[in-house]
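Notes follow the structure.
Please treat every number below as a calculation from the coordinates, not as lab data. Please read these numbers as outputs of a predicted model, since none were measured by experiment. Cβ: placed from backbone, ideal geometry, glycine included. Neighbour counts: every protein chain shown.
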Amino acid sequence: MRIASFRKFLVQIAALLIVAGGVAWIVTHHAQTDAAKAKRGSGPVTVAVAAAKRDEMPVTLNGLGTVTPLATVTVKTQIAGQLTQVAFTEGQMVKKGDFLAQIDPRPYQALLEQYQGQLLRDQALLKNAEVDLERYKTLVAEDSIARQQLDTQSFLVQQDRGVVESDKATVNNARLNIAYCHIVSPITGRVGLRQVDQGNYVQTSDANGLVVITQMQPITVVFTIPEDQIPAFMKRYHAGAVLPVSAFDRSASVKLADGKVLTVDNEIDTATGTVKVKAVFDNQDESLYPNQFVNIKVNLDSVGNVVTIPASALLRGAPGTFVYVVKDDNTVAVRVVKTGPSSPDKVAILEGLAEGERVVVDGSDKLRDGASVLIPDQAPPNPGQDQAKHKHRSSDQHE
């Protein structure tokens, strides 16, 4: 019994030793793995760098704008009648005075002929009254008729002259109505979609008119700038400077057109704290379209001989506005800087950075002050390749 108990005790001791050895191996293995990971994590971070350089930096203002044509005209008929001809094609460019549509002129032509006949009749009556007036003047001089009869005839002549003048105006109005039957473009621009088809009876009260024509060249953009930027803007504007303007698409990545500032509004919008500015563009390629939303950049001035860096190098955080500067030993240091004018791709540094110093432009999210970095252009040779070359040289020497 004692021997069996002793054997059982030995088996339990052996089992415990095996379990303890396994646990110890697992703990040691995980510790080694974590140490290896920590060692790898503490290695140099691969980054891209750029050197600060002196350059000319434009001073710009940015705003949001809407394309607005200089003129938009709804072509309406000025008389009522049947539309007998539509001479334009939807979407075509027309010049001022180009023929657009024709309204049946026959009713107005008939009225014109009627008024012309009435004018001829009244002119004949006037002529007869004038002849009688001259005759009465002779008779009054001979004391053959009463003076009252001469006065009555004189008033009759004036009355007939008034009737003739009224007839002339009626004839001119009839001619004008005939001219209105021939509808022409009032401006140069692009024709929109046709609002009425040939054969319809059109009237002056039609709200939609015949077609809408929009002037496309030149075209304007109305945009806004913040009120705190107005003093700098107005200083250049009142100096008579031509302020170049660039229009970009909704994403502000594609330039659409170049133009210049045309005029400035006379008040600040209290709801938004902005002032409206109008710029004009030639728009020869029609890259700007009415009611299109655009991003605007106004070139106010330029600052020369200033230190500039890529915009991607500039960071903002607890220290303020800063960059990571790469030192000669390939470690980085946090450098607080004072910025000046900026553009989408670069920014001027007024204080904190010297020309030629290298700054991190990519990979800064993994950095901290004093971290080691690896620049791809300056990567050291592969250690494996060095060992192979060393062995090769050693074997050559032994031979």
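What the table shows:
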quantity	calculated
Overall dimensions of region 64-179 as given by Cα atoms, namely Rg and Dmax in Å	25.5, 91
Per-residue ³J(HN,Hα) for region 200-213, Karplus 6.51 cos²θ - 1.76 cosθ + 1.60, θ = phi - 60°, Hz, x for Gly and Pro	6, 8, 10, 9, 5, 7, 5, 6, 7, x, 8, 6, 10, 10
Taking H238, H182 and counting other C-beta atoms within 10 Å, the order from fewest to most	H238, H182
Rounded to whole Hz, the Karplus (6.51, -1.76, 1.60) HN-Hα couplings of region 78-92, x for glycine and proline	9, 9, 8, x, 7, 7, 9, 7, 10, 9, 10, 10, 4, x, 7
For I349, residues with placed amide H under 5 Å, excluding near neighbours	V307, T308, I309, G340
Under 5 Å, built H, 5+ apart or other chain: amide partners of M216	R190
Karplus-derived 3J(HN,Hα), 6.51/-1.76/1.60, for each residue of region 128-135, Hz, glycine and proline x	5, 5, 5, 5, 4, 4, 5, 5
Cross-link table K95/K255; K96/K276; K297/K327; K53/K297; K95/K278, entries beyond 32 Å C-alpha to C-alpha	K297/K327
Relative contact order (%) - region 78-212, alpha-carbon pairs under 8 angstrom, separation at least six	47
Amide hydrogen neighbours beyond the local backbone of L256, cut-off 5 Å, H modeled	A247, F248, D249
Radius 14 Å from Cβ of R175, net charge of other residues (Lys, Arg +1; Asp, Glu -1)	-1
Per-residue Cβ neighbour rank within 10 angstrom, fewest leading, I145, I309, I187	I145, I187, I309
